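Presented below is the structure to which this report refers.
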Amino acid sequence: MEKILFGKSEGYYRDRGAILTAGEIAQQPAVWRKAADNMLSRKAEIKEFMDEVMSIKDLRIVFTGAGSSAFIGEAMMFMLANELGIRTEAVHSTDIISAPDSTLFDVPTLLISYGRSGESPESKAVIDFAAKRIKNLYNIVIVCDKNSTLASMGRRMENSMVLDMPEESSDKGFAMTSSVSCMALATWCLFHYKDIEKYASYIKLIADSMSQQMDEIAAKAEEIARVDYRRIFWLGTGALKGLAREAAIKSMELSDGYVNSGYDAPTGFRHGPKTVINNETITVHFLSNQEYSLRYDVDLAEEVIHEKDKNVVVTVKPESKKDATSGEDYEVIYKIPAMLPANSEIGAYIGSLLFAQLLSMMKSLEKGYMTDSPCKKGTVNRVVKGIVIYDI
């Protein structure tokens with residue numbers, strides 16, 4: 001008997017070339033539970049490594065990766081600063097290899113590299129480049145394929161730790177979905193290593209909660225996907241700005257560029273990007289669960305609603321903030337487990353991420369693309385091709 005995914009049979013997605021993407025979005029709660037157990041099984045090793053590296057004075061912490069892997073770091077940079085007061089940087093591997101003199105400095109550095117396949121040429125090169133430029137270098141490799149070149153590099157190097165994600169998170173579809181959420185949650189747990197049991201339990205609470213809500217979020221995404229839009233702009237504050245960038249790439253790649261997408265913070269949107277709004281535009285407003293940031297999210301959402309013509313406005317918000325706005329065309333409401341720390345954006349990040357993944361997939365299906373391999377010309381690939389690495 002076939003499984004039912006988001007109210008439809010597996011055959012529905014198989015016939016439309018979307019079975020991998022649909023399955024990988026749907027499997028996420030189960031994969032998160034495994035990731036939490038993996039982190040717990042290595043808690044002694046993680047604590048020893050993190051105690052040593054986090055005690056280094058004037059440590060530079062850099063999140064790096066390419067594409068969606070890089071956008072994880074952009075979200076974590078804000079999230080960890082808010083929760084722990086930790087100053088980190090998100091520097092894309094694509095920027096490091098093309099401008100190493102501007103991005104690599106000989107100061108004590110913790111380099112956190114993300115990879116789904118672990119075979120992106122830029123990600124491998126960054127570790128090599130950093131080893132050449134930085135005397136006191138620590139590496140954490142967070143990777144979904146434990147047999148990849150990136151994982152092997154991490155295991156061979158001194159002062160390094162490799163965190164393998166569950167095998168299922170190595171998405172086989174074109175777009176990164178469960179790999180993104182899994183690596184993000186692992187990072188959140190990693191930096192709360194002193195309370196790793198508690199934070200692993202939080203991940204399982206998120207998994208339980210999102211399992212119950214996913215079909216409802218999917219139904220709303222499918223409804224919105226029927227809107228005839230050619231432009232979509234994703235907006236978020238803090239960690240949700242990093243998420244907005246991830247959402248923008250999903251919209252473009254799963255529609256093979258049919259949907260032209262962008263992202264920004266609500267405060268930045270008025271400074272030029274707002275001109276994107278026309279009658280074929282949809283704006284998606286991720287509302288923060290943090291009271292101060294929420295004010296700015298609400299101000300812009302209400303402004304766009306007030307000025308609305310034939311453009312479409314969507315708000316994505318936690319249930320506790322469901323009355324923050326009114327007058328939008330569509331509301332997407334999700335629940336955050338009450339036990340999560342109040343100062344954390346992780347619940348809002350995961351709830352909003354699921355919606356972004358589902359809307360991107362539903363739009364791809366609605367327009368008739370082969371979602372698991374949407375680029376018919378083959379000019380864009382699951383693992384990037386055509387990169388020449390010039391040595392330093």
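Taking the inverse of the mean 1/r over every pair of distinct Cα atoms in the range 75-149 gives a Kirkwood hydrodynamic radius of 13.2 Å. Here is the list for the range 118-200: trypsin sites (Lys or Arg not before Pro) lying in DSSP coil, each with at most 14 other C-beta atoms within 10 angstrom of its C-beta, are Lys135, Lys172.
Scaled against 2.2 N^0.38 Å for its residue count N, the alpha carbon radius of gyration of the range 125-219 is 1.30.
Between Ile4 and Tyr292, the C-beta separation translates, for a Förster distance of 45 Å, into a calculated FRET efficiency of about 0.65.
The GluC sites (Glu not before Pro) of the range 293-392 that DSSP puts in a loop, and whose beta carbon has at most 11 other beta carbons within 10 Å, are Glu307.
Given all pairs of different Cα atoms, what value in angstroms does the Kirkwood hydrodynamic radius of the range 4-200 take? After inverting the pairwise mean of 1/r, the radius is 17.2 Å. Of the residues Val141, Leu80, Ala70, the one whose Cα sits farthest towards the positive end of the charge dipole of the range 4-200 is Val141 (charges of +1 on Lys and Arg Cβ, -1 on Asp and Glu Cβ, taken about the Cα centre). Looking at the chain, the DSSP beta bridges with both ends there are about 5 percent antiparallel. Taking the C-alpha atoms only, the angle from helix 178-191 to the longest principal axis of the chain is near 50 degrees. The average projected area of the chain, computed from the convex hull of its Cα atoms over all directions, is 18.6 nm². Since only Ser255, Tyr334, Pro273 are under comparison, the one whose Cα sits farthest along the positive direction of the charge dipole of the range 204-366, derived from C-beta charges on Lys, Arg, Asp and Glu, is Pro273.
Rounded to the nearest 20 debye, the dipole size of the range 204-366 about its Cα centre is 300 debye, using +1 on the Cβ of Lys and Arg and -1 on the Cβ of Asp and Glu. Measure nothing but the geometry: give the 0 to 90° angle between the long axis through the Cα atoms of 43-54 and the longest principal axis through the Cα atoms of the chain, rounded to 10°. That works out to roughly 80 degrees. Roughly what angle does helix 196-225 make with the longest principal axis of the chain, taking Cα atoms, 0 to 90 degrees, to the nearest 10? Its long axis makes an angle of about 30 degrees.
Within the listed set Met54, Met339, Met361, the Gaussian network model of the chain (springs between alpha-carbon atoms below 10 Å) gives the highest mean-square fluctuation for Met339.
Of the residues Gly7, Ala125, Met54, the one whose Cα sits farthest towards the positive end of the charge dipole of the range 4-200 is Gly7 (charges of +1 on Lys and Arg Cβ, -1 on Asp and Glu Cβ, taken about the Cα centre).
The slack in the chain from Glu216 to Ala81, taken as 0.36 nm per residue of separation less the alpha-carbon distance, amounts to 45.4 nm. Annotation: amide H of Ala90 within the under-5 Å range of Phe63, sequence separation 5 or more or interchain, hydrogens built in the peptide plane. Annotation: lysines with alpha-carbon distance below 25 angstrom to Lys198 (same-chain offsets under eight excluded): Lys34, Lys43, Lys47, Lys335. Histogrammed with a bin width of 10 Å, the alpha carbon distances of the range 204-366 distribute as 11, 44, 36, 8, 0 percent, first bin at zero.
Extents of the range 240-330, largest first, come to 36, 27, 25 Å (Cα atoms, principal axes, whole angstrom). Residue pairs exceeding 25 angstrom between C-alpha atoms, taken from Lys146/Lys363; Lys3/Lys204; Lys132/Lys194: Lys146/Lys363; Lys132/Lys194.
Here, each number is a calculation from the coordinates, and none is a lab measurement. Model, not experiment: these values are computed from the prediction. Please note: Cβ atoms are built from the backbone with ideal geometry, for glycine as well, and neighbour counts cover all protein chains shown.
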